[in-house]
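Structure, as structure tokens:
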Amino acid sequence: MAGGTRGNSGKFEAYRKTLSIMTAAKVSLQPVMLELNFKPFPILFTERLTLREIDEEDASEIFFLRSDKEVLRFLDRDPAKSINDAVLWIQMISEGVGNNEYIAWAISLRNERKLIGTISFWNVKKEHYRAEIGYALHPSHQGKGLMQEAMICVLDYGFKTMKLHSVEANVNPDNAASIKLLEKNSFVREGYYRENYYYDGNFLDSAIYSLLAPN
């Protein structure tokens, strides 16, 4: 699986800027209904994985995920240029999690520290009980069912603990491995946008998948 969803890309930065602008302007479109609390940080476990908080000790691994050509193949964003870029990204993520805006986990093998991937709920629309999922995995760990384990665990947390009603994924339509993973987890395609995403001189299509909370 080259990369994951666009949700785990540089759009985090744009999302944080939008939140800041709305806060500064005291914009209130609808009453906030979904209340999130990530304190203490929820550490999750699967048979083979630990999903933990991302911190600055993960900077080298985050830099790799945000600069490797294979990981970025379908994420359609510029690569990180330095370890400092990774540190700044981690700091931004930590701030957002601390403010209960969204949550991102480091994926590590059980009983090991090294980060091998990330998975997150971001772009949280609290008034609609909806969030976007994003994920990325080191190429050497792809094809082993690890992201499937992580996704099952995180979706369970999202629906049962966060009380989300729906989860969205925004993917490059050519990212067959990511789409296969989503469909394996019962996501359905609910939208297809033609040339709505501009990157590197090209207008690209987007496929939107979603999953509703189980009854």
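Just checking, does region 93-107 include any residue being of a type in the set (G, A, S), out of contact with any helix residue (DSSP H, G or I) (no Cβ under 9 Å at 6 or more places or on another chain) and under 25 Å from L182 (Cα atoms)? There is no residue in region 93-107 that is of a type in the set (G, A, S), out of contact with any helix residue (DSSP H, G or I) (no Cβ under 9 Å at 6 or more places or on another chain) and under 25 Å from L182 (Cα atoms). One residue stands out in region 21-51 among those that are of a type in the set (S, T, Y) and assigned to a loop (DSSP other than H, G, I, E, B): the one that is modelled with the highest pLDDT, namely T46.
Taking the conditions (1) surrounded by 14 or more Cβ atoms within 10 Å (Cβ to Cβ); (2) aliphatic (A, V, I, L, M); (3) at pLDDT below 70 in turn, I54 satisfies each one other than (3).
Can you confirm whether A80 is in contact with a helix residue (DSSP H, G or I) (Cβ under 8 Å, 6 or more places away or on another chain), over 22 Å from V154 (Cα atoms), of a type in the set (A, V, I, L, M, F, W, C) and buried (at least 16 other Cβ atoms within 10 Å of the Cβ)? Judged against the criteria, A80 is a match. Any residue in region 129-140 that is aromatic (F, W, Y), over 18 Å from N100 (Cβ atoms) and not in a strand (DSSP E or B)? Scanning region 129-140 turns up no residue that is aromatic (F, W, Y), over 18 Å from N100 (Cβ atoms) and not in a strand (DSSP E or B).
Taking the stated definitions as given, is E112 over 18 Å from D58 (Cα atoms) and of a type in the set (D, E)? Write out each step before concluding.
Working: over 18 Å from D58 (Cα atoms): no; of a type in the set (D, E): yes.
No.
Taken over region 68-77, the criterion of being surrounded by fewer than 20 Cβ atoms within 10 Å (Cβ to Cβ), in a helix (DSSP H, G or I) and under 16 Å from the mean Cα position of the chain (by Cα) is satisfied by L72 alone.
The values are calculated or read from the model by the stated rules, or taken from the named source; none is laboratory data. A quick note: this is a predicted structure, and the numbers were derived from the prediction, not measured. Glycine gets a Cβ as well: all are built from the backbone with ideal geometry, and neighbour counts include every protein chain shown.
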